[in-house]
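The values are calculated or read from the model by the stated rules, or taken from the named source; none is laboratory data. The structure displayed is predicted, hence computed values, not measured ones. Here the Cβ is made from the backbone with ideal geometry for all residues, glycine too, and neighbour counts use every protein chain on show.
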């Protein structure tokens with residue numbers, strides 16, 4: 001894959017500062033503010049309400065999270081609010097910490113939100129070594145943007161007096177407009193952090209000279225190019241601007257010429273794993289920015305795949321191991337039965353979704369290592385701290401079935417309840433792509449169907465007892481690196497009758513997850529998306545789904561770490577099966 005370079009050299013200047021030492025009497029007062037909205041028709045708070053760890057179990061459960069990073073604590077608070085208050089959505093406004101030295105007096109904090117200004121006025125008083133009394137007032141500029149400028153009037157949300165035990169959180173609910181504000185407040189005695197260093201980057205250009213040698217690619221990874229995009233004729237080039245550091249590692253990637261959301265995502269994820277011989281100036285490595293073009297061409301990819309298949313199969317290779325061949329043939333025949341049975345049922349599907357919307361400009365964390373003697377920077381790593389800005393909870397109850405539409409068989413979800421509200425008729429369909437991309441009944445056909453097996457490599461990796469059956473666990477890896485968003489999968493197949501008992505699929509679907517693709521291109525993040533289907537309900541030798549789950553997680557501390565924060569979770573339950581035959585598009589006959 002050819003690379004065309006444009007010279008741009010960047011130098012990094014770091015500013016270091018030491019944190020002040022904590023005194024013996026210091027207290028850290030920490031406040032998190034959220035705004036919540038209830039589902040339509042559900043009543044909210046009538047007056048200001050305070051919940052303590054003794055009155056609300058969800059608040060008590062937060063005590064173990066107080067020392068966690070914002071990426072872990074904030075989602076825990078949001079989930080507690082959604083579960084305990086029955087909220088439809090939660091919007092995070094901000095979090096701040098104020099240091100109190102023990103001196104008597106009135107204090108205030110002015111907080112600038114994206115659209116509003118807030119003012120906290122508080123008077124702390126120590127009641128005992130473990131109890132702090134806090135007289136607290138909270139003001140906010142009105143929702144009317146004309147009044148939100150500096151110096152404008154402010155609404156008073158809160159005027160109260162609280163007694164707080166150290167490391168014991170308290171939740172305060174304040175009705176406002178059609179919803180409410182929720183403030184989580186707690187106090188801690190901070191341990192001395194020693195020498196804490198903060199960093200701020202400032203990049204300055206340098207003039208190119210003839211002594212600069214551009215970077216050279218040492219190892220590359222071909223991006224995934226899903227078969228269905230090739231069949232749709234989606235091809236072309238993705239232009240990337242790639243920052244390569246002094247070690248020859250990719251420090252950043254920016255899309256300068258997009259092609260398709262999924263192909264932009266695939267190109268960025270692949271190039272981030274490339275390694276280079278670094279650029280040099282006077283034989284010294286330096287940070288360098290290069291322009292790289294990734295070409296998506298179906299014929300070119302066919303050649304790549306044929307060459308890879310030939311290299312993987314040694315001369316005189318034996319046919320597939322007999323047990324694996326037996327399982328694959330049995331699973332293919334079962335998938336044919338499953339496709340026919342898809343038109344013979346209707347069931348109730350319950351969907352619960354929690355979607356965390358992250359800020360377009362996340363908070364950044366990082367580690368800077370410097371020499372004690374000279375203060376010179378030795379290494380630095382920065383990563384986004386994914387703090388949810390708005391979280392939305394949705395619940396649906398649907399009639400779930402398949403219908404024939406021309407030569408195709410398609411899912412259909414008829415909405416019965418939308419966030420607890422009954423639908424007056426059965427005319428509304430749930431057509432959001434993040435649900436329709438799952439296809440829980442026929443998901444196994446995409447992995448093991450007779451016409452699909454040529455697209456994957458298979459291996460039996462284990463045997464286990466699952467749902468009371470002896471199951472072979474198949475590892476499924478796409479030969480082209482990706483197929484319909486599948487990067488890797490495992491399928492539990494009954495060893496005797498080849499029923500599909502469970503499947504786990506890793507990979508971002510091509511449709512329905514545009515915000516995940518966007519985050520993954522904009523920030524240095526490699527998403528982890530796992531879809532799990534469990535097939536427990538059995539009828540006439542065919543197993544139908546009992547539960548499906550989707551979890552999307554982002555790495556919390558760097559691109560490839562296992563420590564992750566939740567972006568999206570969807571839980572789907574299937575019950576009340578009835579069986580019939582479908583003879584026309586939407587026509588049902590028992």
(request) Could you please give the count of residues in the stretch 413-434 that are modelled with pLDDT of 90 or more, outside any loop (DSSP other than H, G, I, E, B) and within 30 Å of residue 510 (Cβ to Cβ)? (result) 7
(message) So, in the stretch 35-56, how many residues would count as being in contact with a helix residue (DSSP H, G or I) (Cβ under 8 Å, 6 or more places away or on another chain) and farther than 20 Å from residue 395 by Cβ?
(response) 5
(message) Name the single residue that is modelled with the highest pLDDT among those in the stretch 343-387 being outside any strand (DSSP E or B) and closer than 30 Å to residue 529 by Cα.
(response) 343
(message) Of the residues 543, 526, only one is more than 15 Å from residue 437 (Cα to Cα) and touching a helix residue (DSSP H, G or I) at 6+ places or on another chain (Cβ under 7 Å); which?
(response) 526
(request) Mind checking which strands (runs of 3 or more DSSP E) fall wholly inside the stretch 248-291 and carry at least 3 residues that are surrounded by fewer than 21 Cβ atoms within 10 Å (Cβ to Cβ)? (result) 250-257, 284-286
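Among the candidates 418, 395, 407, 439, single out the residue that is more than 27 Å from the chain's Cα centre (by Cα) and assigned by TED's automatic domain parsing to the domain that holds residue 348.
407
Residue by residue, here is whether (1) under 26 Å from the mean Cα position of the chain (by Cα); (2) part of a strand (DSSP E or B); (3) touching a residue at least 60 places away in the same chain (Cβ under 8 Å); (4) within 18 Å of residue 569 (Cα to Cα) holds:
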site	(1), (2), (3), (4)
497	no, no, yes, no
501	no, yes, no, no
508	yes, no, yes, yes
529	yes, yes, no, yes
532	yes, yes, no, yes
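Could we say that residue 333 is under 19 Å from residue 455 (Cβ atoms), modelled with pLDDT of 70 or more and assigned by TED's automatic domain parsing to the domain that holds residue 439 here?
yes
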(message) Suppose we filter 388, 424 for residues that are out of contact with any strand residue (DSSP E or B) (no Cβ under 7 Å at 6 or more places or on another chain) and closer than 24 Å to residue 42 by Cβ; which single one remains?
(response) 424
(message) For the structure I just gave you, tell me whether residue 81 is under 20 Å from residue 50 (Cβ atoms) and not in a strand (DSSP E or B).
(response) yes
(request) Go through the stretch 221-245 residue by residue and tally those that are in contact (Cβ under 8 Å) with a residue 40 or more places away in the chain, in a loop (DSSP other than H, G, I, E, B) and exposed (fewer than 15 other Cβ atoms within 10 Å of the Cβ). (result) 1
(request) State which residue is modelled with the highest pLDDT when the search covers only the stretch 464-495 and only residues that are within 27 Å of residue 357 (Cα to Cα) and assigned to a loop (DSSP other than H, G, I, E, B). (result) 487
(request) Inspect the stretch 169-184 for any residue being at pLDDT below 90, touching a strand residue (DSSP E or B) at 6+ places or on another chain (Cβ under 8 Å) and surrounded by fewer than 17 Cβ atoms within 10 Å (Cβ to Cβ) and give the result as yes or no. (result) yes
(request) Scan 71, 64, 137 and give me the residue that is over 26 Å from residue 556 (Cβ atoms) and either in contact with a strand residue (DSSP E or B) (Cβ under 7 Å, 6 or more places away or on another chain) or loosely packed, with under 13 Cβ neighbours inside 10 Å (or both). (result) 137
(message) Which count do you get for residues in the stretch 448-463 that are under 18 Å from residue 225 (Cβ atoms) and in a loop (DSSP other than H, G, I, E, B)?
(response) 1
